[in-house]
Each structure stands twice: as C-alpha cells, then as structure tokens.
Amino acid sequence: MFELFTDRARQAVVASQDEAIALGHDFIGTEHLLLGLAGTDGSTAGEVLREQGVELTRARQETLRVLEAAGIAATGGRPAKDALASLGIDVEEIQRRADDNFGPGAFQYPRPAYTEDAKKALEQTLSEARALGQERFGTEHILLGILAAGEGRGLDVLAALEVDPDGLRGATLARVSGDAT
C-alpha cells in the first residue's frame, strides 16, 4: 500500500513514526499521524492544518496531555527492553554501537506498531483517495482518512485544539486538486 503514497505522504508517515519514538511511545496512533502531517512542510494536509490553527509544537503538547489524561504513559519501549535485558541483551548498548558505526538514530527499538485506530485511518486513506478518483495517496487523503475513521486520539487532539473535524474536512476537500502532495 505504501508504494501508492506520494513522497510527501511517505514523509508524513515516517514523521509520525519519529514523533511516536521522540515522545516515548511504543505505538503509532492517529495522534502521531496527525503530528506527522502537521510537520510535513509543503504538503496539502500540513498547509490546511496550519490554516486551521494546528501548530506542531502545540499539537505535540496536546497529544501528550490527551494521552496522559487517558492513562497512557510514555514508556520509550521500556517493557520490550526489560524483556530483552532479562535474556542478557542490552538494547542501549546496541543503540550506542549502531550510533557509533552508522550515525545517530540508526537503530530504533522497539519500532512502534500501528494502533487499530491508525490502521483504520490508513485504510480510510485508500477509500478517500479512490472516492476522489485518485490512484495515489497524498497527505490530504491521510488527513481525510483520520477524519473519516471517526475514532482515535487524533480527533481528541483536534478537539483540544478547538478544530472542528467537519470544517477541517471541508477545508481539505476544498484544497484537493488533481495534483496530490
């Protein structure tokens, strides 16, 4: 499926993974997808989000607040690291050696998995693009997918930022053209 994404859409998905890791989460939810979209410069979704008042730094803060309110702590993959440590594997040492040999950030463990809500949003991305007659998926389709899925903490973050999902959907659709980004 990811081969059908535009370059910027792929950048946004990678950025969502990076956001999850940077925030210490061992999962990628719709809130991280939203952060990835907000942080992707020159993308349709990023521009629409900024026009709607979604600024990346504040969205990060709200993401942490929403997750903390839901009782979800940033673990940084601690349970997985602890399990490996019980077998005598030092993940931090592996990371240090990888950084030394291949550059900072070359090895990330654990790789966050997508939540069911994020998977649903990415599946909706396909439906949204096809409904608009497009074969490739841009950032705008990912945003529309998050909104169409109707579930996930990304919508809670938007609510905390006082962004109306219907208004955001309308603004996104108004920007959609045959040149997906």
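Here are the numbers:
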{"read-out": "First in segment 7-19 and in contact (Cβ under 8 Å) with a residue 60 or more places away in the chain, second anywhere and aromatic (Phe, Trp, Tyr), Cβ under 6 Å, 6 or more apart", "value": "Ala9/Phe137"}
{"read-out": "Odd one out for Leu34 among (1) modelled with pLDDT of 90 or more; (2) farther than 24 Å from Arg130 by Cβ", "value": "(2)"}
{"read-out": "Subset tally (residues that are crowded, with 17+ Cβ neighbours inside 10 Å, closer than 22 Å to Phe5 by Cα and among the hydrophobic types (A, V, I, L, M, F, W, C)) for segment 130-181", "value": "12"}
{"read-out": "Number of the condition not met by Asp26 [criteria: (1) crowded, with 19+ Cβ neighbours inside 10 Å; (2) modelled with pLDDT of 95 or more]", "value": "(2)"}
{"read-out": "Qualifying residue in segment 38-45 (condition: modelled with pLDDT under 75 and either within 17 Å of the chain's Cα centre (by Cα) or of a type in the set (Lys, Arg) (or both))", "value": "no"}
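The values are calculated or read from the model by the stated rules, or taken from the named source; none is laboratory data. Since this is a predicted model, take the numbers as computed values, not measurements. Ideal geometry is used to build each Cβ from the backbone, glycine not excepted, and the neighbour counts take in all protein chains shown.
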